[in-house]
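Notes follow the structure.
The values are calculated or read from the model by the stated rules, or taken from the named source; none is laboratory data. Just so we're clear, the structure is a prediction, and the values are computed from it rather than from any experiment. Positions of Cβ are generated from backbone atoms using ideal geometry, with glycine treated the same way; all protein chains shown enter the neighbour counts.
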Amino acid sequence: MNPAQPSPTTDSHSTRQLSNALTQVDHLVQQGCAEISAIAQLALAWLETPKGHRHLDVVARALQSIRDSAETLADYAGTEAQAMGCGYAMARTSWPGLC
């Protein structure tokens, strides 16, 4: 066997590691997306109430929670990808206040 080629045991172990990491990322992303969806639904429902447009601070807090959840998901997925030797680096947006 060529020393530069991974052994079948190493391949199997790497495949298992990748599968476990992907399963964990999928689980967290599913939970995070459900959380984001629920917060957005609550914010929309709030805006449909008589007080909704007078108390936009409630919607602002909901949007902050959505942003925080999205950042947590991105950080976790990125960390897992880097641990597996992968990853994607997205340039920060140039919109004011979003850096």
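Here is how the numbers come out for the structure above:
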| quantity | calculated |
| --- | --- |
| Odd one out for Ser37, checked against (1) in a helix (DSSP H, G or I); (2) surrounded by 13 or more Cβ atoms within 10 Å (Cβ to Cβ) | (2) |
| Flag for Asp75 being within 16 Å of the chain's Cα centre (by Cα), exposed (fewer than 12 other Cβ atoms within 10 Å of the Cβ), in a helix (DSSP H, G or I) and not aliphatic (A, V, I, L, M) | yes |
| Scan of the stretch 71-81 for residues that are within 21 Å of Thr15 (Cβ to Cβ) and either modelled with pLDDT under 90 or in contact with a helix residue (DSSP H, G or I) (Cβ under 6 Å, 6 or more places away or on another chain) (or both), ordered by number | Ala77, Glu80, Ala81 |
| Hey, Ala4 out of contact with any His (no Cβ under 6 Å at 6 or more places or on another chain), of a type outside the set (Ser, Thr, Tyr) and modelled with pLDDT under 90 or not | yes |
